[in-house]
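Encoded as structure tokens, the structure appears first; notes follow it.
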Amino acid sequence: MGEGASHGKRSTAAGLLAVASAFVLCSSALTRGGDLLWPTDASRAISSSFAEYRSNHFHAGIDIKTWGQTGYRVFAVAPGYIWKVRVSPFGYGKVIYQVLNDGGMAVYAHLSRFAPEIERRVRAEQQRLLRYSVTLEFRAGEIAVQAGELIAYTGDTGVGYPHLHFELRDAANRPLNPMLRGLVVADHVAPRVSSVAFVPVAPWSRVDGDVKARIYRPISVGPNRYRIAEVPAVWGPFYLAVCASDGTDEATNAVGLYGFRLYANGKLLFSSRYDRFSYENTSVIVLDRDYRLRVRTDQVYYRLFIDPENNLPFYGQGRGAGVIWVGQRLLPGKIGADSWLDRITEAWLAGPGVYDLEIVAYDFNGNESVVEAQLEARPPDKGSLMEANSARRPGVLSSGSLEVDWLEDFARLGLGDCACRVRVAMEDVEYPLEVERSRTGECFAVWMYPRKERLSGEFLLSVGDQVLHRHPFEMYRVGDRSQEIKLTDPSLEVTIPARASYRPFYLGVVAGNGTQRNAANGSFPRVRVFPEDVPLRKPMRIAWYLGREMGVPPDKLAWYSLLGSTWVFLGNERDGSRLSAETSRLGTFAILPDTIPPEIAFLRPSQIRPRLSRRDTIVVRIADRLSGIADEDDFALEIDGERVVAEWDPEEEVLRYEPERPLSVGRHHLRVWVRDRCGNRAEKSLTFEVVTQ
């Protein structure tokens, strides 16, 4: 255990360490990697690698394990100066930005505290502003540091459990894989490949007779070698995506990979390597990892394909590389108006036959795993459906279910029964869709969208002359222009900025009743905006015009997003009777009331034990169950009538105050107030006694 290390989230060593010198000589814990030193004596193990998937962005560094403890030493990896320090309850928590002598930058995040000189300046600024969150910037050379100098201690401030997040950035402020500068870990573990997805991309694409993605589980056939036992039958353009992870020698957790290669009959089709990226493009991760598969499977899949809108620097080929196009390649403009498929210029063309595929997944240390597969390129079999229907027993009633997947250029209609037929009725025109059956026995139909700004109609599911199910739809085309979607419900408004998505798609909005009843109007509005598996590059805005008799004061209402089974606060911007919020993802949203104030509980001192020693840390729990607490402007902790700077941990839902000076012996008055985003306010007081021990 490093000097000063302590156990558990938010645990710290008892008292500050006595530091004889700001400079700490390199020891066995400070080994040199390339031209940089390892930044901590906590461990040489990592819990996350560079460019791993995070919600809507890449992980910009490496996470070094501290084994659930805080207080290990953090050292400057190279000479330079401290440019900025920041303290926040969110994000990186306590963080240091160091400018290196070569013009790059090192970032050390989630710290528990800083080296004495930096800590002194931070606390002085906090006292001056009476705020926990502060940012200090320093002139070049004002706080110069040498390689190996102690600059901070590991912690768990901000988001996450105890660890040290470390970043390297180049002179252009682009995140750089730290392993390129020699900060490597012991690793003799080859990547593990858990599944491979074959993803059709055109209305006529088929994988095993279906237009939806098919996932295969490779089997192990030797050390670091896998094989897909099935031979997929494919037609049209498609790409592969891989669900894989890596390991290291010093830890059992999974980390991300360094790169991939894809070969077809020995020809390299695609290659990637995660070396660096730009912050302005970090949201493009939704094109590097497969967003649709992420939403539908809750797994991260690496795309072995360069989307035409993907401008990331990880690849060895041009846009469109990795697409395997079986059968005749249609000329640009023949696929459909402005179809993104027209912009795929580096697809690999294949005629009918059997082809060998090889996927190589590798880590930074050169450990590789290989997945072998074959595919059979042939047109889909149209006869299987007729056979299925002829085998159907008479008198069996169809289930009549219909599941619609709204994709970019077409919709897939999944039928619950192969005896069903499906028709499209739109603008007084009704026409049938061809029903197909996949090799897995699923029956479906494909509808290519007519290129219109608005699609309104219904799907009719029938057996013979009997209509079993009507599925109405109203879809709006989202493309290159900003638009306000006008819905049949005049109270609801959805505004989409220009180029909100990476390619045009059709968006649907269904308004209904919410989940909480209201005596005045029955319920609060609930809205589904779909398809949920289309990523946005710009946020959209949803708004509702509140009625006069909502039964709840307007300032107690807000928009929430449904994530799993939990409603998460989205926003409550008000302009007259208009209540709106921005969202960066499609999904289900509702306006919900929050009239319940936050909770306050004294943990130390407590009502049961209202005693402290002079140096004890004061701990108060503050929590809100719906709209939440926005920031430190929404609470205060006072001792004897004076506000003090308390550290807020939103994840643990606690306030902590460590006295700058020992409290005087005797009685003291503690007061806490807190307010949530809907203005509900709570206040609580406690009289406690400070004793000598």
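The values are calculated or read from the model by the stated rules, or taken from the named source; none is laboratory data. What you see is a predicted model; the values in this text were computed from it and never measured. Glycine gets a Cβ as well: all are built from the backbone with ideal geometry, and neighbour counts include every protein chain shown.
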Does region 243-264 include one or more residues that are at positive phi, modelled with pLDDT of 95 or more and outside any strand (DSSP E or B)?
-> no
Considering only region 616-693, give the strands (runs of 3 or more DSSP E) lying wholly within it that have at least 1 residues that are farther than 17 Å from Pro605 by Cα, of a type in the set (D, E, K, R) and at pLDDT 95 or above.
-> 642-644, 647-649, 666-675, 681-691
Where a residue in region 616-627 is within 30 Å of Val690 (Cβ to Cβ) and its partner, wherever it lies, is buried (at least 16 other Cβ atoms within 10 Å of the Cβ) and hydroxyl-bearing (Ser, Thr, Tyr), with Cβ under 7 Å and at least six apart = Thr617/Tyr657; Ile618/Tyr657
With the first residue restricted to region 409-427 and required to be over 30 Å from Pro504 (Cβ atoms) and modelled with pLDDT under 90, and the second required to be of a type in the set (Val, Ile, Thr) and assigned to a strand (DSSP E or B), Cβ contacts under 8 Å at 6 or more apart or on different chains are Asp417/Val463; Cys418/Val435; Ala419/Val463
Scan region 554-565 for residues that are surrounded by fewer than 21 Cβ atoms within 10 Å (Cβ to Cβ) and either in contact with a strand residue (DSSP E or B) (Cβ under 9 Å, 6 or more places away or on another chain) or on the phi > 0 side of the Ramachandran plot (or both) and jot them down.
-> Pro554, Asp555, Lys556, Ser561, Leu562, Leu563, Gly564
If you check Leu612 against the conditions, is it exposed (fewer than 15 other Cβ atoms within 10 Å of the Cβ), aliphatic (A, V, I, L, M) and out of contact with any helix residue (DSSP H, G or I) (no Cβ under 7 Å at 6 or more places or on another chain)?
-> no
Given (1) modelled with pLDDT of 95 or more; (2) within 24 Å of Ala244 (Cα to Cα); (3) surrounded by fewer than 18 Cβ atoms within 10 Å (Cβ to Cβ), index of the condition Arg292 fails | (3)
Quick one: in region 41-51, which of the residues that are surrounded by fewer than 23 Cβ atoms within 10 Å (Cβ to Cβ) and either out of contact with any strand residue (DSSP E or B) (no Cβ under 7 Å at 6 or more places or on another chain) or among the aliphatic types (A, V, I, L, M) (or both) is farthest from Pro162 (Cα to Cα)?
-> Arg44
Condition test on Ser462, is it modelled with pLDDT under 90 and polar (S, T, N, Q)?
-> no
Of the residues that make up region 455-473, is at least one outside any strand (DSSP E or B) and touching a Gly at 6+ places or on another chain (Cβ under 6 Å)?
-> no
Residue list for region 114-155, restricted to those being part of a strand (DSSP E or B) and either over 19 Å from Trp83 (Cβ atoms) or of a type in the set (S, T, N, Q) (or both) | Thr135, Tyr153, Thr154, Gly155
Among all residue pairs at least 6 apart or on different chains, which show Cβ distances below 6 Å where the first residue, located in region 191-202, is among the charged types (D, E, K, R) and the second is in a strand (DSSP E or B)?
-> Arg192/Ser245
Tally, over region 514-551, of residues that are among the hydrophobic types (A, V, I, L, M, F, W, C) and either modelled with pLDDT under 90 or not assigned by TED's automatic domain parsing to the domain that holds Thr495 (or both) | 5
Only listed residue being of a type in the set (Val, Ile, Thr), within 30 Å of Pro490 (Cβ to Cβ) and either touching a residue at least 40 places away in the same chain (Cβ under 8 Å) or not in a strand (DSSP E or B) (or both), chosen from Ile591, Ile596, Ile608 = Ile591
